[in-house]
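Student: To start, I am sharing the structure in question, which I have written as structure tokens.
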Amino acid sequence: MPYKKFQMDSLRSHWPRHVAIIMDGNGRWAEKKGKLRIFGHKEGARSVRNVVNFAVNHRLPSLTLYAFSSENWHRPEKEVTALMRLFMQTLGNEVKNLHKNNVCFQIIGDISRFTPRLQNRIRSAEELTENNNGLKLNIAANYGGRWDIIKSVQSLAALVKIGQLEPSQINEELMNSYLSLKEQPDVDLMIRTGGEYRVSNFLLWQIAYTEFYFTDVLWPDFDEFIFESALNAFAKRERRFGRTVPIDVDIY
């Protein structure tokens, strides 16, 4: 076997189980081209499709995409309205293809603020794909990491109040079981596009030992080659989780 192919196979064997992406730069991408910001969001949807296809083809277990944060409601009303319209359209166009490719789709976040029509479309997409056992695709919409933690704490507090749980019984495992991604592994790799270096209230609990990959590439220009470069960069890192010796074996 040629050395280069052996090296690539070795890297892929150490790819992350769970990748999260902060998809930043749609608006700036459009503005650089003298277009409205929504044009950038439409192009960003194409990048989402490419990334999901890559994840399916390479059998990544979990992929979580930050589509709309709880703070994004503060954007101009026209942009938010256009985003909701695009979200609705994309869901309608893509869900059958996701189902065909054995993808289990879910929205994480507080969907109660969305229109009833959009909420129904979300539930229909989740119900259609809930028994699929391929890629777990999580779309964070009206999501915030602090909201996720508070929601979990409130659920546990309610059990304590009615006497079904003692405060001393609360541990990380129990806390995690009430979070949005409770049945999936913690995030191994978080990618942020657009040249920013912050987590923006995304998956605060789940990124305790996450590796980060930042790129100046704006989200509409993010493709499978950049994605693969990020995954390979992760595979070369030593993850100690507080230990003095990395838990991964030498990949060379």
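Student: When the helix-only estimate is applied to the chain (DSSP H runs of n ≥ 4, each -39,500 (n - 2.57), divided by the residue count), what is the mean residue ellipticity at 222 nm, nearest 500 deg cm²/dmol? Could you put the intermediate results ahead of the total?
Tutor: Values: 8 runs with 110 residues, N = 252.
Result for the chain, helices only: -14000 deg cm²/dmol.
Student: Continuing with the same structure: Could you work out how much longer the chain between Tyr197 and Leu36 gets when fully extended? Use 0.36 nm per residue separation minus the Cα distance between them, nm to one decimal. Before the final figure, lay out the partial values.
Tutor: Numbers: separation 161, 0.36 × 161 = 57.96 nm, distance 2.50 nm.
Additional length available on full extension: 55.5 nm.
Student: Can you compute 3J(HN,Hα) from phi for each residue in segment 98-109, using the Karplus curve 6.51 cos²θ - 1.76 cosθ + 1.60 with θ = phi - 60°, rounded to whole Hz and x for Gly and Pro?
Tutor: These are the phi-based 3J(HN,Hα) values: 4, 4, 4, 9, 6, 8, 9, 9, 8, 9, 10, x Hz.
Student: For the pair Lys100 and Val80, what calculated FRET efficiency results from E = 1/(1 + (r/R0)^6), where r is the Cβ-Cβ distance and R0 = 30 Å, to the nearest 0.05?
Tutor: Numbers: r = 31 Å, r/R0 = 1.03.
Given R0 = 30 Å and the Cβ-Cβ separation, E is 0.45.
Student: Report the net charge of residues surrounding Gly145, where surrounding means a beta-carbon distance below 15 angstrom and charges are Lys +1, Arg +1, Asp -1, Glu -1.
Tutor: Here the charged neighbours net out to +1.
Student: Classify segment 111-252 as rounded, prolate or oblate, taking a ≥ b ≥ c as the square roots of the eigenvalues of its Cα gyration tensor: rounded when a/c is under 1.5, otherwise prolate if a/b is larger than b/c and oblate if not.
Tutor: oblate
Student: Moving to a separate point now. To the nearest 20 debye, what charge dipole does segment 36-97 have about its Cα centre, counting +1 at the Cβ of each Lys and Arg and -1 at the Cβ of each Asp and Glu?
Tutor: Details: 9 positive and 5 negative charges, 41 e Å.
About 200 debye.
Student: Summing Lys, Arg as +1 and Asp, Glu as -1, what charge do residues with Cβ under 11 Å from the Cβ of Met88 carry, Met88 excluded?
Tutor: That sum, taken over residues with Cβ under 11 Å, equals +3.
Student: Among (1) 53, 37, 31; (2) 59, 56, 35; (3) 51, 45, 34, which is the computed Cα extents along the principal axes in Å?
Tutor: Step by step, Cα extents along the principal axes in Å for this structure corresponds to label (2).
Student: Using only protein heavy atoms and a 1.4 Å probe, report how much of Glu228 is accessible, in Å² to the nearest 10.
Tutor: My reading of the accessible area for Glu228 is about 30 Å².
Student: If you don't mind, there's one more thing I want to ask. Can you return the lysines within cross-link range of Lys151? Criterion is Cα-Cα under 21 Å, with same-chain partners fewer than 8 residues away left out.
Tutor: Here the lysines satisfying the reach criterion relative to Lys151 are Lys161, Lys182.
Student: I want to check the label-to-label distance for Asn133 and Met175. Put each point 7 Å from Cα in the C-beta direction and report it in nm to one decimal.
Tutor: It is 3.3 nm.
Student: Moving on. Assign unit charges at the C-beta atoms only (+1 for Lys and Arg, -1 for Asp and Glu), then state the dipole size of the chain relative to its Cα centre in Debye, rounded to the nearest 20.
Tutor: Values: 34 positive and 29 negative charges, 142 e Å.
So the dipole magnitude of the chain works out to roughly 680 debye.
The values are calculated or read from the model by the stated rules, or taken from the named source; none is laboratory data. Because the structure is predicted, anything quoted here is derived from the model rather than measured. Backbone-built Cβ (ideal geometry, glycine too); neighbour counts: all protein chains shown. Protein only, heavy atoms only, side chains kept; ligands, DNA and RNA dropped before computing areas. Shrake-Rupley method; radii C 1.70, N 1.55, O 1.52, S 1.80 Å.
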